[in-house]
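Enquirer: Below is one structure. I have some questions about it.
The values are calculated or read from the model by the stated rules, or taken from the named source; none is laboratory data. Values in this document were obtained by computation on a predicted structure and should not be read as measured data. Here the Cβ positions follow ideal geometry from the backbone for every residue, glycine too, while neighbour counts run over all protein chains shown. Just the protein is used for accessible areas: all its heavy atoms, side chains included, with ligands, DNA and RNA removed. Shrake-Rupley method; radii C 1.70, N 1.55, O 1.52, S 1.80 Å.
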Amino acid sequence: MDRRDFLRLLSYGCLAAAGLAPAKSPAGQAQERERPIQFVFAQLKYRGGDWNPHALAVQPLMEELMQRTSVEAAPARREMTLTDPDLFSHPFLYMSGKYEFEPFNLDEIDILRRFLSYGGFLLVDDALGQPGYGFDQSLRREMKRIFPEKEFSRLPTAHPALRSYYLLWRIGGVRIVRPYVEGINIGATTPVVYCQNDLGGAWERDQLGNWINPCTPGGEPQRRDAFHLGINLILYAMTENYKDDLIHVPFIQRRLSR
């Protein structure tokens, strides 16, 4: 799918959210069902620690993504290492964990630096939520090796990643370790976004459809915020600064005026 196709689909999503989308004919519904997969949730496997703390988190997020937007997503995630030859075919990469993990080797450092410098996006999700320990400590160490001159900084509420679909004023998750997300900026883009509120824990359902982890202290609104952030970051990764495109201005103004 090229950028034009994605913008068209996203515009339809905005119309649907505003209740202005035209009714679909049976033929149109059949054609829609046949649309190819446009997004695959790629998750990074790394050595040491626990790369997979919430094995059932992705499918509920993909269901929400397809229900709330016009994006066709693969229901299952793609697990990959940094040396996977298909890494650069996936603009969105998710990395989660609870514990300290082994340092990347020099080849992996170079690959991830190139991935992030040339259009790739990494969502990092701390499932432990203890700043300075475990996964957080290892993650910040490795990011410093990848971008020695860069520092994590707090994303302002006006950042495009927090307004790419939903207008986010709160950051959800299983717990609220930080009421904001951090990012690493390269030029005008933010290819790394880091959340320490355990998003995957909030997305995760069991095989019977029940939520596995309670969200505290905010309950279900806090879980909803976690889903909204996930959807926003996926769309940001797929389009980056798409809201600079004039085609979206009327929809944005309409939503902001509510």
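Enquirer: Quick one: net charge around Q43, please, counting Lys, Arg +1 and Asp, Glu -1 for every other residue with C-beta under 14 Å from its C-beta.
Expert: Summing Lys/Arg as +1 and Asp/Glu as -1 gives -3.
Enquirer: Provide W169, W203 ordered by accessible surface of protein heavy atoms (probe 1.4 Å), highest first.
Expert: Solvent-accessible surface, decreasing: W169, W203.
Enquirer: In what sequence, highest mean first, do 106-115, 220-229, 207-216 appear when ranked by Cβ atoms within 10 angstrom?
Expert: Order by mean packing, descending: 220-229, 106-115, 207-216.
Enquirer: Roughly how many Å² of Y180 are accessible to a 1.4 Å probe, to the nearest 10?
Expert: 50 Å²
Enquirer: If you don't mind, there's one more thing I want to ask. Ordering L56, L122 from largest to smallest accessible area (1.4 angstrom probe), what's the sequence?
Expert: Solvent-accessible surface, decreasing: L56, L122.
Enquirer: Here's a follow-up. Counting Lys +1, Arg +1, Asp -1, Glu -1, what net charge surrounds Y133 among other residues with beta carbon under 13 Å of its beta carbon?
Expert: Residues near Y133 contribute 0 overall.
Enquirer: What shape does segment 82-182 take by its C-alpha gyration tensor, where a ≥ b ≥ c are the square roots of the eigenvalues and a/c under 1.5 counts as rounded, a/b above b/c as prolate, and the rest as oblate?
Expert: oblate
Enquirer: Given the peptides 69-75, 162-168, arrange them by the average over their residues of other C-beta atoms within 10 Å, most packed first.
Expert: Result, highest mean Cβ count within 10 Å first: 162-168, 69-75.
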